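To keep things clear, I will list the structure first and then write my remarks on it.
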Amino acid sequence: LFALLWTLMLGGVLDRFARPPVRLQLGAFLRAGAEYFFRLLRLALMAGALYAVIYLLGRRLFPWIEHATRDVTSEREILLLNLAGAAAVVLLLALVSLLFDYAKIVTVLEQRRSVALAFLQALRFVAAQPLRAAAPYVVFSLLSVAAVAAYVLIAPGPGQASAWGIGLAFLAGQGILIVRLVLRLGRLASEMELYQGHHRRSSRGL
């Protein structure tokens, strides 16, 4: 339910980023969300399929590493191989997330009907300038990790069963959700601005 609600709201959010209104109108926001809902849902299902493939690859990768290092006596080598495998899985997941961020942006900004063509356009954009395209994703992901780390440090432990402790835990939990949502929207806004700049330069070049 949360994923469906987020998909509905995301269309309105990206439309506001792409075409900032003079004043925010709830009706226009919801109409934009409804207009792009099924297109963004198809993109979400495509991303989910790729995540599932990466998950299955990971399930095969780590047993293979365990089998390949069965006779290895160096703990360091085993650790490095497992870290390399974990890093590969994380990078693939991040790449899929990044590509579909831009696919959603292309869908809304260029009002694409075909999500497959939107994904291909996003792939071309990221391939043409990978470091620049990934910069907002990396920065906001690090900020999100820092926010979660801060929450872990300040959140009360399970032993604090007082009313004050429970209230603080609730407020801290809601606070981290709001912070992560703001960071996610900030990431999408930054990626939208980056893609729009690229689109404007390409249009002037033509």
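The values are calculated or read from the model by the stated rules, or taken from the named source; none is laboratory data. Please read all numbers here as calculations on a predicted model, not as lab measurements. With ideal geometry, Cβ positions are generated from the backbone for all residues, glycine too; neighbour counts draw on all protein chains shown. Side chains included, ligands, DNA and RNA excluded: accessible areas come from the protein's heavy atoms. Shrake-Rupley method; radii C 1.70, N 1.55, O 1.52, S 1.80 Å.
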* Asked: Residue check, Gly33 against (1) open to solvent by 60 Å² or more (accessible area, probe 1.4 Å); (2) under 30 Å from Leu1 (Cβ atoms), all met but one. Which one?
  -> (1)
* Structure fact -> Scanning segment 98-128 residue by residue, the ones that are within 15 Å of Leu40 (Cβ to Cβ), open to solvent by 20 Å² or more (accessible area, probe 1.4 Å) and among the small types (Gly, Ala, Ser) total 2
* Of the residues that make up segment 54-62, is at least one hydroxyl-bearing (Ser, Thr, Tyr) and surrounded by 18 or more Cβ atoms within 10 Å (Cβ to Cβ)? -> no
* Taking the stated definitions as given, is Leu95 open to solvent by 100 Å² or more (accessible area, probe 1.4 Å), within 28 Å of Ala116 (Cα to Cα) and under 24 Å from the mean Cα position of the chain (by Cα)? -> no
* Tell me which residues, restricted to segment 129-140, are loosely packed, with under 13 Cβ neighbours inside 10 Å and either under 16 Å from Ser97 (Cβ atoms) or free of Cβ contacts under 8 Å to residues at least 60 places away in the same chain (or both). => Pro130, Leu131
